[in-house]
1. Of everything in region A:22-49, what is in contact (Cβ under 8 Å) with a residue 24 or more places away in the chain and surrounded by fewer than 21 Cβ atoms within 10 Å (Cβ to Cβ)? Give them in sequence order.
2. Using the structure shown, decide if B:F89 is assigned to a strand (DSSP E or B), within 22 Å of A:R36 (Cβ to Cβ) and in contact with a strand residue (DSSP E or B) (Cβ under 7 Å, 6 or more places away or on another chain).
3. Got a sec? Which strands (runs of 3 or more DSSP E) wholly within region B:1-58 have at least 2 residues that are more than 12 Å from the chain's Cα centre (by Cα)?
4. Kindly establish whether A:S94 is within 8 Å of chain B (Cβ to nearest Cβ) and buried (at least 16 other Cβ atoms within 10 Å of the Cβ).
5. Anything in region A:102-115 that is within 14 Å of chain B (Cβ to nearest Cβ) and either modelled with pLDDT of 95 or more or under 17 Å from A:K3 (Cβ atoms) (or both)? List them, or say none.
6. Could you please give the count of residues in region A:33-51 that are modelled with pLDDT of 95 or more and farther than 19 Å from A:G63 by Cβ?
7. Is at least one residue of region B:91-106 at pLDDT 95 or above and more than 8 Å from every other protein chain (Cβ to nearest Cβ)?
8. Are any of the residues in region A:69-84 within 14 Å of chain B (Cβ to nearest Cβ) and in contact with a helix residue (DSSP H, G or I) (Cβ under 9 Å, 6 or more places away or on another chain)?
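The values are calculated or read from the model by the stated rules, or taken from the named source; none is laboratory data. Just so it is clear, the model here is predicted, and its values are computed rather than measured. Cβ atoms come from the backbone with ideal geometry, glycine included; neighbour counts cover every protein chain shown.
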Amino acid sequence: DVKVTQSSRYLVKRTGEKVFLECVQDMDHENMFWYRQDPGLGLRLIYFSYDVKMKEKGDIPEGYSVSREKKERFSLILESASTNQTSMYLCASSPAGLAVTGELFFGEGSRLTVL
Amino acid sequence: QQQVKQSPQSLIVQKGGISIINCAYENTAFDYFPWYQQFPGKGPALLIAIRPDVSEKKEGRFTISFNKSAKQFSLHIMDSQPGDSATYFCAASINTNAGKSTFGDGTTLTVKP
């Protein structure tokens, strides 16, 4: 069974702390994504990566950075957490090349609360 | 500028009824239109998807209707069941940007027994 695993389901952090959200996929997918989900706002793309060590900004990259050192792992970093970053964070992956279908495979989410 | 507009924001349907969720898009380059279903505490999962070369796709009780000229597509859930209660997201993407999807705001569906 294909899987995207987000290691932390619930986190509570204080303003100004550095936060790492980790995501691992076991499907050998080239593409990985970080979305933010807020009520009434749908899913908004923060960053994405088409290959190892490659990253591109999505629609709302401010206040975030990412790291992709290995194909299966994509990390989201909040350098200095702020209360307006309290949200649900969703990691997703998808295949590329001949295996492209357009489908995204999501993890179960990491709910971050910044106090 | 929101590229995919979804309505309604919430929907309450009686068991056995038809649930209809609508989406409209702006970018004519979009060529993949999926619907995702999300249960509480879970990530979204692909429910059904359509490409613009067909006007309708049906999988069991779920049907996507697609109107290319109007730039609209909709999800119909026939014989709605309490187990269908979830949040539904429409999305659109350009397949060459594999997976870089633009999502609607979501619709929370409640099916009453």
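1. The initial filter retains those residues of region A:22-49 that are in contact (Cβ under 8 Å) with a residue 24 or more places away in the chain, namely A:22-38, A:43, A:46-47, A:49.
Matches in region A:22-49: A:E22, A:V24, A:D26, A:M27, A:D28, A:E30, A:D38, A:S49.
2. yes
3. Numbers: elements: B:4-7, B:10-14, B:19-25, B:33-38, B:45-50.
Per the criteria, B:10-14.
4. yes
5. A:E103, A:L104, A:F105, A:F106, A:G107, A:E108, A:G109, A:S110, A:R111
6. Total satisfying the criteria: 0.
7. no
8. Within region A:69-84, none of the residues are within 14 Å of chain B (Cβ to nearest Cβ) and in contact with a helix residue (DSSP H, G or I) (Cβ under 9 Å, 6 or more places away or on another chain).
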